[in-house]
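First comes the structure, then the notes that go with it.
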Amino acid sequence: MKLAIFDIDGTLVRGSSERMFWRYLAARGRQGPRQIFAYLLFLLRYLPTGGIHTIKKNKAYLCGLQSTEVEALAAEFVNTRLMKRLYEPKHAEVVRINPKRQVPVLIHGELEIFDSTQIFEYFEDLQSEPALWPAGAAARA
């Protein structure tokens, strides 16, 4: 079993990753009248009771596609389109501070830290109560 997670609220990728996937399917000829009709029918049926969440839950655009085909297309989409967007920092400060061009990055006054362990240690030193780290080495392992 495989799970596809879409970044609907745009916290990881600018815009909706699901909408990007739909356009990806359309560009490959995998969206036609049947899928569009199913999507619209789902909206008409469930929008009155589900409200705006119906749009986010509507996967009827996948109707008529074999699960193996969707799986292959989703894997290709993630590898060729989505991964680039996930790992390419959008904010210039991240690129400037971290030579690896990765997050997290902490900017606190004049201090700039890009290593997650060092960020955690900094927070621990900044305010030791309540403790962020477990007391013993075995518990931290």
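The values are calculated or read from the model by the stated rules, or taken from the named source; none is laboratory data. Here the structure is a predicted model, which is why all the values come from computation and not from measurement. Backbone-built Cβ (ideal geometry, glycine too); neighbour counts: all protein chains shown.
Condition first: farther than 30 Å from Leu126 by Cβ, part of a helix (DSSP H, G or I) and modelled with pLDDT under 90. Can you find one or more residues in the stretch 22-35 that meet it? No; the residues of the stretch 22-35 include none that is farther than 30 Å from Leu126 by Cβ, part of a helix (DSSP H, G or I) and modelled with pLDDT under 90. Inspect all residues belonging to the stretch 83-93 and state whether any of them is exposed (fewer than 12 other Cβ atoms within 10 Å of the Cβ), modelled with pLDDT of 90 or more and more than 30 Å from Leu126 (Cβ to Cβ). There is no residue in the stretch 83-93 that is exposed (fewer than 12 other Cβ atoms within 10 Å of the Cβ), modelled with pLDDT of 90 or more and more than 30 Å from Leu126 (Cβ to Cβ). Kindly indicate whether Ile55 is among the hydrophobic types (A, V, I, L, M, F, W, C) and either loosely packed, with under 10 Cβ neighbours inside 10 Å or farther than 30 Å from Gly29 by Cβ (or both). The answer is no for Ile55. Of note, Leu40 satisfies the criterion of being surrounded by 10 or more Cβ atoms within 10 Å (Cβ to Cβ) and part of a helix (DSSP H, G or I). The residues in the stretch 108-131 that are over 23 Å from the mean Cα position of the chain (by Cα) and not in a helix (DSSP H, G or I) can be counted, and the count is 11.
Spot the failing condition for Gly64; the list is (1) within 25 Å of Glu76 (Cα to Cα); (2) exposed (fewer than 11 other Cβ atoms within 10 Å of the Cβ); (3) of a type in the set (Gly, Ala, Ser), and only one is missed. Only one criterion in (1) within 25 Å of Glu76 (Cα to Cα); (2) exposed (fewer than 11 other Cβ atoms within 10 Å of the Cβ); (3) of a type in the set (Gly, Ala, Ser) is unmet by Gly64, namely (2). Filtered by the rule that a residue be over 19 Å from Gln102 (Cα atoms) and either aliphatic (A, V, I, L, M) or touching a residue at least 40 places away in the same chain (Cβ under 8 Å) (or both), the stretch 114-133 gives Leu126, Ala131, Leu132. As a summary of the residue check, Phe114 satisfies the conditions (1) under 20 Å from Ser16 (Cα atoms); (2) surrounded by 12 or more Cβ atoms within 10 Å (Cβ to Cβ) except for the one numbered (1).
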